[in-house]
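The structure under discussion appears below in the form of structure tokens.
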């Protein structure tokens, strides 16, 4: 699903009203017609088009918005994730805005981790572990790739640095090291 397809699908006012009705709880074509004032035929056509576009799906209880598909298009920070945004050499590892796998080849792995860092983390910000996990969840949700492993790879490759439970792209953004961290650094173990 692409952002263009979404916009084309809801450009028609009847389809937009039908989608709004489903988001607000309409579970059938009759519910859509009643909630929107559309004729039963107009509601059925709008529902069919929304299904074809992947915006609406049905489960055992009836119609529902296809939130998972929409989340794949829009990132947590509001930027649109498209295949075009992924550099060509990384496309075998990223599909529909999700990590399919982590490259075994070191150069490709570094390139993928660098790409994830660039699109997921601001250079001037610091993040809690939970915030890092939330940003990586978008990439790993629904795939076999573990976000904790990706977080570890980012730290090991030094795309993210960590101190006191805080992560950043730049060490200057981290809080001052405590005594134990200073000792580890002095021993050259960091």
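We did not get these values from a lab; they are worked out from the coordinates using the rules stated. Computed from a predicted model, the values in this text were never measured in an experiment.
Compute the Rg to Rh ratio over the range 3-72 from the alpha carbon atoms, using the Kirkwood formula for Rh, and round to two decimal places. Radius of gyration over Kirkwood radius for the range 3-72 works out to 0.93.
The alpha carbon centroids of the range 1-75 and the range 100-143 are separated by 32 Å. Per-residue extension of 0.36 nm, minus the Cα-Cα distance of residue 30 and residue 57, leaves a gain of 8.2 nm for this segment.
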